[in-house]
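Engineer: Starting off with a structure, shown below.
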Amino acid sequence: MRLQIYLTKRLLTNPTLVGWGLLFMLFWAALGAFVESASIPSHLPIEDYEFYTSSWYGLLVLLSFSSIGVSLSYSIAYHTGSIPYLLRYSKMKAYDYIFGLTIAGVVTSVVYSLILLAVVDLFFSQHFGLQMRPANIPLIVVSSLFAGLFFISFSLFLELMVIKYLGFNPATSQAVNFIPLILGYLFGFAALYLNLGNLIYGSPFADIEYLLTEGYYGHKIYMNALISATTLPASEVFSVLTGFLVLVVWIIALFGISQLLFNKMYYRNIYESKIV
C-alpha cells in the first residue's frame, strides 16, 4: 500500500503535470468560455449552450489526461534504474508496481476531471448567464476512471517499448513519450471540428471525449463534429455502451502486452537521454 500512496502523491503534486495538465487547461477553459464563444448568437435554445459547454469539457479533460500520460511515461523511465533489481531481489512483483501506477493514474485522472468540471461550470455559467451544470456526474466519473486506465496502459506500453527496444536515445525516447499528448490534441480537436463518423469508436481518444461530453450534456449526442452538432443534420447516435467496450478492449490489450514486457525489463541508464 505504501507504493500506491507514494506514486499517487508524486503524480498529484508533480509541478509539471499541475502546470500543463491543470493550469494550462484553466487557460483553455477561459478561452473557450469568454473568447471562442463570443461568436455564438444570443437567444438560442438553452440546449445549444449546454451542448457547447459539454463539448469543451470533453476536450479539456482529454487534453489534461494526455498530459498525465506524458508524466506517467517520464515517471516510468526514471524508475527503470531500480525496478529490475526490485523484481529480482525483493518481494515486489510486476503486478505490485503496475497496480500502484494504476491507482496513482486513476486517482489523478478523477481528481483533475472533477476540478475541471467545477471550473467549466463556473466559467461558462458566468459567460452565458445560465446554469451550465453537468447533467450526469456518475457517467463523468466512470468515464474518467476508464479514461485514466487507458492512458496508464498506453503510457506504460509506450515506455516499456522504449526501454526494451529503443533505449533512451534523445531522438526517439522523447518523441515516443509525447505520443499521448500529440494524439490527444490531434483527435481532441478533430472530434470537435470534423465529422469522424465511426472512426470515433476506433480511436480511444475521440471515444473518451464523446463519453465525457455526453456525461456533461446528459442527452444523446450524434457523431457529427461536436462544435456544430446542433446545426448539422442528425447522424448516427453515439453509443455509450460501445464506447466503453472499445475502451475495455484497448485497456486489456495494452495491459496484457505491458505485463509481458515488464517481466523482461532490464536496466537502462536514464543518462542515455542526456544531450551532451
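Engineer: Would you check if there is a residue in segment 68-76 being out of contact with any Ser or Thr (no Cβ under 9 Å at 6 or more places or on another chain), modelled with pLDDT of 70 or more and open to solvent by 50 Å² or more (accessible area, probe 1.4 Å)?
Structural biologist: no
Engineer: Within segment 1-40, count every residue that is at pLDDT below 80, among the hydroxyl-bearing types (Ser, Thr, Tyr) and open to solvent by less than 40 Å² (accessible area, probe 1.4 Å).
Structural biologist: Total satisfying the criteria: 1.
Engineer: Hey, could you check segment 237-257 for residues that are in contact with a Phe, Trp or Tyr (Cβ under 7 Å, 6 or more places away or on another chain) and open to solvent by 40 Å² or more (accessible area, probe 1.4 Å) and say which is farthest from Gly202 (Cα to Cα)?
Structural biologist: Ile257
Engineer: Moving on to the next point. Could you tell me which of the residues Ser143, Ser173 is at pLDDT below 90 and either touching a strand residue (DSSP E or B) at 6+ places or on another chain (Cβ under 8 Å) or surrounded by 21 or more Cβ atoms within 10 Å (Cβ to Cβ) (or both)?
Structural biologist: Ser173
Engineer: Answer yes if at least one residue in segment 41-58 is free of Cβ contacts under 8 Å to residues at least 24 places away in the same chain and open to solvent by less than 50 Å² (accessible area, probe 1.4 Å), and no otherwise.
Structural biologist: Within segment 41-58, none of the residues are free of Cβ contacts under 8 Å to residues at least 24 places away in the same chain and open to solvent by less than 50 Å² (accessible area, probe 1.4 Å).
Engineer: Looking for something surrounded by 22 or more Cβ atoms within 10 Å (Cβ to Cβ) and not aliphatic (A, V, I, L, M) - is there at least one such residue anywhere in segment 119-132?
Structural biologist: yes
Engineer: Phe205: open to solvent by 40 Å² or more (accessible area, probe 1.4 Å), aromatic (Phe, Trp, Tyr), in contact (Cβ under 8 Å) with a residue 12 or more places away in the chain and part of a helix (DSSP H, G or I), yes or no?
Structural biologist: no
The values are calculated or read from the model by the stated rules, or taken from the named source; none is laboratory data. A quick note: this is a predicted structure, and the numbers were derived from the prediction, not measured. Cβ coordinates were reconstructed from backbone atoms using ideal geometry, including for glycine residues, and neighbour counts include every protein chain displayed. Only protein heavy atoms, including side chains, enter the accessible area calculation; ligands, DNA and RNA are left aside. Shrake-Rupley method; radii C 1.70, N 1.55, O 1.52, S 1.80 Å.
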